[in-house]
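Step one of this worksheet: look at the structure below.
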């Protein structure tokens, strides 16, 4: 276990100068993936979150960090410990939707607030929503919906689609199909954590597809893209940012150049908060930030903004302060819908090379002011 007290301010402190002055103390338990498969995602969420606390000088926030090892049973044990022994006020950090489903309902039922910096399963956005659950990233379908809309606008008529067989994978393909207007050459659910895609690529080759959409986050996406490039299959690829994000692109290299992907964030979004984030992250960690880092950063700044307005012990007031979302998001315009999920623009990005670094640039807005499909089923 790592306890972190963030006491110093950095280059962007001026953006949040009043945030911590009136804040009450808040104890936060972060459960995220710091080892094994997918560790890079959790590390980036953690680093973004800690950077925001440091820049704001938020010494009223105590952060307790735990590694879930991408195992649902471990995540449940850690949540119990953080709630019962550490007596945290707020939980955050989970990357994977199957872990979120194992932790969030029980945590919110015990009166704790949960701020999601990543996982956004549909089950928690609709009928399973809770007033103490806020997703600061997206609902799982959203980026895939934008990819489907892009494929439709581009004129693709016969996509082959694949994703891992877990809640986020199912939401991904559902989201793509919701906005895509063509036929499917194939639809596959792969094993979570899979690294050999020879069989799937053979099916793509034989399918008659005119395009490929895939959601394979972390190491899964690295393995697939490398094998796909080596296979000689020459179909255009569309995907969400999770498979073309900053940490992944350096491992994939040339194979990713020109690929179109969808994201609610990009390092080239032009606003002061994003500029301070990108500059501060590079200075602090020596690397470009990822989508996951931006989500951790925004989650921390949401928390800081709420703590400046209300005491976490006053649940109704603190909940209202969170819902108001009065912080400077790296995304620019940001607000919550009625189910506490974001309403936001989702962009189309293209993978490019800047010097020796592979990265993304925004080329279009895929979906503007976009809300999720499940909000109407949410009744607090």
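The values are calculated or read from the model by the stated rules, or taken from the named source; none is laboratory data. The structure displayed is predicted, hence computed values, not measured ones. Cβ placement follows ideal geometry from the backbone for every residue including glycine, while neighbour counts extend to all protein chains displayed.
Table: residues versus (1) part of a helix (DSSP H, G or I); (2) under 26 Å from residue 43 (Cα atoms); (3) in the same structural domain as residue 109 (by TED's automatic domain parsing).
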{"position": "298", "(1), (2), (3)": "yes, yes, yes"}
{"position": "301", "(1), (2), (3)": "yes, yes, yes"}
{"position": "308", "(1), (2), (3)": "yes, no, yes"}
{"position": "311", "(1), (2), (3)": "no, no, yes"}
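Where in segment 132-247 are there helices (runs of 4 or more DSSP H), lying fully within it, with 1 or more residues that are in contact with a strand residue (DSSP E or B) (Cβ under 6 Å, 6 or more places away or on another chain) and modelled with pLDDT of 95 or more?
142-154, 167-179, 198-206
Can you go through 79, 107, 119, 123 and tell me which one is within 13 Å of the chain's Cα centre (by Cα) and in the same structural domain as residue 320 (by TED's automatic domain parsing)?
119
Residues in segment 171-204 that are over 27 Å from the mean Cα position of the chain (by Cα) and exposed (fewer than 15 other Cβ atoms within 10 Å of the Cβ): how many?
4
Can you pull out every residue in segment 277-296 that is surrounded by fewer than 17 Cβ atoms within 10 Å (Cβ to Cβ), in a helix (DSSP H, G or I) and free of Cβ contacts under 8 Å to residues at least 60 places away in the same chain?
Once the filter is applied, which keeps residues that are surrounded by fewer than 17 Cβ atoms within 10 Å (Cβ to Cβ), in a helix (DSSP H, G or I) and free of Cβ contacts under 8 Å to residues at least 60 places away in the same chain, segment 277-296 yields only 282.
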